[in-house]
Structures are given as C-alpha cells and as structure tokens.
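These notes concern the structure reproduced below.
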C-alpha cells in the first residue's frame, strides 16, 4: 500500500462522528463515560509510555497490551475488560476512515489469526501499546502495522464540533407520553427508599417490587417478579429506549435475569440495589454489557384495569400465589444442606466474573472477595455485612473438622504473621473453596495442603 494511502484512512482533522446519546454509544456491550474525553485518554496513554511490559498485567507498575488499554480507560471512569477478546467485543466499531485520537486499534498477524495486541491511537499516525518484544509501553508508527489492523473500537464520545446540534435525550422519535412522565416522576420519588428482599413498597423494595410499585402508582397492576415483568408490555430495542421504559439485566448471556429498573432519561435508570441497600440512580453505560432487554409497559398492559375514580395506590399482585386453605399442613423448612447447595449453585453462575478490589457487582459487573459472598448469600436471603472483617463477626465460629458446605472461611494475607483478615471464601464441599481473587476472578481452588489452608484465621457458620 502506498504511503499516501496508508495515511488516508486516519486524519487528525477528520470530522468527529456524533454518536448521539450515551445509550447510542454502547454498541454490543459497550461502554461510555460522559466525564472522560479523547484528549484525556491520549494524555494518560502518553504519560504511561516507558512502563514495563508484563504478561497478564493490568497496572499500574506493568502492563500487557490489553491491560494497558483497560487501565487507561479505567483511570478515566470507563470500566473495560482487560482481555483482547473482551475489549474487541465492547464499545462501538469504528470505520477506518473515522478513527479519532482516543480510539483503540486491534492488530493480528494474519487474516485468520487471533488478535495479537491492542493500542490507543494518539493522532498524527501514531499509537501507543505495551510491546512484548520491546518490554515496555512504546509509541509506534501506524504505517509499520497498517496491514495487520483487525479493527477499531470507540469507548467514549468523541469531542463534538461546536456547530453540532446537541443530541436529543431519547432515541425514539416519538415524544415521551404523559403516562411515561408519571412513571418517571413516581420512580424518582422513591429514591433512597430502603432495599428489602421481597419488598414491594411502600417502605421497602427489591428490584422487581420497586418497578411493580411504581407502575401501580401510575395505574398499571403488575406482578412483582422479574420474569413476569419481562413478559409484560412491548419489547423495546436498545436504540428505542425512552424515559419510563423498564430495563432488565442479567449476569451473562445464558443467565437468568438478576434485576430490573426504570429508565429516567439522560443515560440513567433507577433500581432497588441490594448491594447499596436502597433505591439508587445508576448510569446505564456502567452495566450495558449485562443489558438483557427493555419493555414499554403502559396502561393497556395492566393485569386488572382500574375502575373509574379508583385512586392509584401502587398496589401490586403477588405472582402465582394460591389461596390460603384452612388446616393446610405446614411445609417443612428448607434444610441447611439444601440452602448451602443453592448458595453454591448461585455462586457458580458467576464463575469467571472478573475481580476488582472494592467493586460492587451491580455497579461494575465485578466482585471483590467480600462483595461476592455478600451478593451470593443475599440472593438466597442471607444478609451479610460488606467487608470480610465485618463478615467474620457474624454467625458461629467453627473448627476445620466441623466445616461443611456454605460455611465461610477467612484468611490473612500471604506471608503475613498477623491475624488481620484480608480475604473470605465459601466452603463448597469436597475440599474446595469458591471465591474470587486476582486474575482468575470467581473460581474454585483446592483447600487442604495449600497456602490457603496455612493462611486461615477463622471459619464461621452463617447459615441457620
């Protein structure tokens, strides 16, 4: 390819492509950050030039190429996967003629080969990446790698020219209806209300109960279960979402629905958050990779049409509840063993979910060790404190000989002689721990005869 043609596909002066609202920025599982700019991405990418290369490292002392890209964006508030395949599936694809500074370039060694490395385009025909062969982050001329380009992705909005008309709030050309406005208003009125497992208002909610209650206030009677809500109304594609629509999220493509919320415009939705213990506002961009669908639910979708003059009171219908029968034999309570099996099965749904210290799953799609145990036990009706040291104060202390499925095991740091707790794991039976740490994320590990056993501080039984 002639040098002039090599330079033609990227031009510093090329017109920025406006991608619309933050919802439009997300692509097939993408990310966006209103606070970050391409200029900031380029500046930070340049600042890290010279940092050592290290396989599977994601900073700040060393990087591989995917870890370098993920680190730069993470520092600017854009949470990205730190693997080449994960990065390539995220964001919005960018045509070669439209690549801008701050976009990420992906390279492979041949047309049928897997991705080899990724870098951040700096402008002026240069990009930065963590080079295995040179052992550090370097700046490279695009012309020397143009024939290996596999594609480009954009994770933040490009800087918009001054003569551009600001994008509209919604992606649907039709105006938000009076009913949708009521739903949005009623949802905002519940901000800060407590999270309560099984709660459907007015003093506490789980995520489905919150949505059903708000719809009820607007005159739509609905079941307070996620699966029932997902069957109501009309399906809405991501680019058609508008204020008042109901959004659904799952832990993975094949996983069941985890929670639901109400979109209120400007890239935000409200939901009852188990991890934060209340109804909160969330950026759609942060959880777009777990988006499972949206429904537009209106008055005509009500399970029972309200009678004229009947006040809106937020009443909801409990799904599939049989009439109570007198003298019905009491059902036996679930055994501790069955509950433990259910907890382990819940934890297994998240195998491979990335680790990040301080992370809340509903906010970032990642866990640290104690947010993992808190979330998994919480899904099964067991409330735990947030940190591992706090969790080590609940339940009953047990010995290793008493250990059984569903117990929690607490550890000190590797090489430490103190009893300061820094990690927690779920005992899964068969001498295995189910927990999350470092590069494997949520995983199983062997317990006896390993460094994990040497680091035990205490073990606790928290199941009834």
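The values are calculated or read from the model by the stated rules, or taken from the named source; none is laboratory data. Because the structure is predicted, anything quoted here is derived from the model rather than measured. When we count neighbours, we look across all protein chains shown, and the Cβ atoms used for this are built from the backbone with ideal geometry, even at glycine.
Regarding residue 252, is this residue modelled with pLDDT of 80 or more and either surrounded by 20 or more Cβ atoms within 10 Å (Cβ to Cβ) or within 30 Å of residue 462 (Cα to Cα) (or both)?
On the way: modelled with pLDDT of 80 or more: no; either surrounded by 20 or more Cβ atoms within 10 Å (Cβ to Cβ) or within 30 Å of residue 462 (Cα to Cα) (or both): yes.
So residue 252 fails the test.
Could you go through the range 212-227 and let me know if any residue there is in contact with a helix residue (DSSP H, G or I) (Cβ under 7 Å, 6 or more places away or on another chain) and closer than 30 Å to residue 92 by Cα.
yes
Please specify each residue of the range 417-443 satisfying the condition of being touching a strand residue (DSSP E or B) at 6+ places or on another chain (Cβ under 8 Å), in a strand (DSSP E or B) and touching a residue at least 40 places away in the same chain (Cβ under 8 Å).
423, 424, 425, 426, 428, 434, 435, 436, 437, 441, 442, 443
Scan (1) at positive phi; (2) surrounded by fewer than 20 Cβ atoms within 10 Å (Cβ to Cβ); (3) in contact (Cβ under 8 Å) with a residue 24 or more places away in the chain for the single condition residue 239 breaks and write down its number.
The failed condition is (1).
With modelled with pLDDT under 85 and closer than 30 Å to residue 434 by Cβ as the only criterion, which of 345, 292 stands out?
Working: 345 fails: modelled with pLDDT under 85.
Answer to the selection: 292.
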